[in-house]
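Data first, discussion second: the structure below is written as structure tokens.
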Amino acid sequence: MKLAVVTFPGTSCEVEMHRAVTKIAGGEAEIVWHKGADLSSYDGVIIPHGASYGDYLRPGALATTTAVADQIVEMANEGKLVVGVGNGFQILVELGLLPGAFLQNPSLRFESGRANVRVAQDQTIFSKGYAAGDVITLPYATQFGTYYNEEEVPADQIVWTYEDNVWNSTQSIAGMTNAKGNVFGTMLLPERAVEEVLAGTDGLPLFESILGSEQ
Amino acid sequence: MKRVQVYVTLRESVVDPQGTAAKEALHNKGFNNVSNVRIGKLIELEIDEAKGDLDAQVKEMCEQLLVNRVIEDYRFVVEEA
């Protein structure tokens, strides 16, 4: 399985994402600049964290106007794996690949730290390395972390929930999939929790789960 | 050339912490009669030449990019340049 880690102007976390997938989890991935990107040879795509286009207009909004965004939508429709982390999750909701939208944190400030996150279910391609009911610890770093949805997200699409929902996210959603189960978005940063010496290894099962999935 | 003012506001159902913070700040300054504050944004467009129906075009710009319909409402005013 070969994954593309797509970058935009303002993307900042592609290196640790690439490292988590390749050096740590032993998978194959390439960092791909959005301009002129051809994703047809990749089995899946990861949109890493950062502040693409400076979060101008709305976080993730401007990335949706790129040619690579059309390819990402096509990959999602073809059933390939699409993962959005942090700003990547914001891009996925702006693309409509995941429902809902993001609001500014209630504190109106950029916040970073570690959150206790409950594994809501372990049946998705992305959560096979966890057991439902596990509480894991993952880092976050964002100013627009509040997930908002007027419609209820079905339980089988909810993967991670905040133990302490300080951002008032709808249904405490910290990580979710689309109905088909091939698109995953999370506001946590699992790529920063793949080594004991850093923030622990609670993010590692996500990558192992992705790489171990039959496609 | 037409100037268009697009007013983008948070939908009523969406919590607005910025508005709440601004309201409390106004109260601290003695303006206690302000019961609610909601903060949105103004997008100004200068459109050189309408490619057909200008209203329809501006609406498309809003629906496709300028406004997130999940959390925002909008209205716009077309001015003569």
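The values are calculated or read from the model by the stated rules, or taken from the named source; none is laboratory data. Everything numeric here is computed off the predicted structure, so don't read it as measured data. Using ideal geometry, Cβ is built from the backbone for each residue, glycine included, and neighbour counts are taken over all protein chains shown. The accessibility values were calculated without ligands, DNA or RNA, using every heavy atom of the protein model including side chains. Shrake-Rupley method; radii C 1.70, N 1.55, O 1.52, S 1.80 Å.
Looking at this structure, is B:Ile39 within 14 Å of chain A (Cβ to nearest Cβ) and part of a strand (DSSP E or B)? For B:Ile39, the condition - within 14 Å of chain A (Cβ to nearest Cβ) and part of a strand (DSSP E or B) - is not met.
Counting only residues that are open to solvent by less than 90 Å² (accessible area, probe 1.4 Å) and of a type in the set (Asp, Glu), region B:40-81 holds 6 of them. Please work out which residue is farthest from A:Val15 (Cα to Cα), limiting yourself to region A:184-198 and to residues that are open to solvent by 20 Å² or more (accessible area, probe 1.4 Å) and touching a residue at least 60 places away in the same chain (Cβ under 8 Å). Ranking the candidates gives A:Glu195 first. Scanning region A:148-167 for residues that are within 11 Å of chain B (Cβ to nearest Cβ) and open to solvent by less than 80 Å² (accessible area, probe 1.4 Å) gives A:Tyr148, A:Asn149, A:Trp167.
Out of region A:168-183, which residues are of a type in the set (Ser, Thr, Tyr) and open to solvent by less than 10 Å² (accessible area, probe 1.4 Å)? A:Ser169, A:Thr177 - these are the residues of region A:168-183 that are of a type in the set (Ser, Thr, Tyr) and open to solvent by less than 10 Å² (accessible area, probe 1.4 Å).
Annotation note: Cβ proximity below 6 Å between a residue of region A:1-25 that is modelled with pLDDT of 95 or more and a residue that is open to solvent by less than 20 Å² (accessible area, probe 1.4 Å) and polar (S, T, N, Q) (sequence gap 6+ or interchain) occurs for A:Phe8/A:Ser52; A:Gly10/A:Ser52; A:Thr11/A:Ser52; A:Glu14/A:Thr7. If you filter region A:110-125 down to residues that are at pLDDT 95 or above and part of a loop (DSSP other than H, G, I, E, B), you find that the one that is most open to solvent (accessible area, probe 1.4 Å) is A:Phe110.
Just checking, does region A:131-138 include any residue being without any contact (Cβ under 8 Å) to a residue 12 or more places away in the chain, more than 14 Å from chain B (Cβ to nearest Cβ) and more than 23 Å from A:Glu14 (Cα to Cα)?
Taking every residue of region A:131-138 in turn, none turns out to be without any contact (Cβ under 8 Å) to a residue 12 or more places away in the chain, more than 14 Å from chain B (Cβ to nearest Cβ) and more than 23 Å from A:Glu14 (Cα to Cα).
When the residues of region A:74-109 are filtered to those that are away from chain B (no Cβ under 14 Å), open to solvent by 10 Å² or more (accessible area, probe 1.4 Å) and in a loop (DSSP other than H, G, I, E, B), the one that is farthest from A:Ala193 (Cα to Cα) is A:Glu78. Going through (1) within 28 Å of A:Thr65 (Cα to Cα); (2) within 14 Å of another protein chain (Cβ to nearest Cβ); (3) open to solvent by less than 80 Å² (accessible area, probe 1.4 Å); (4) not β-branched (Val, Ile, Thr) one by one, B:Glu12 falls short only on (3).
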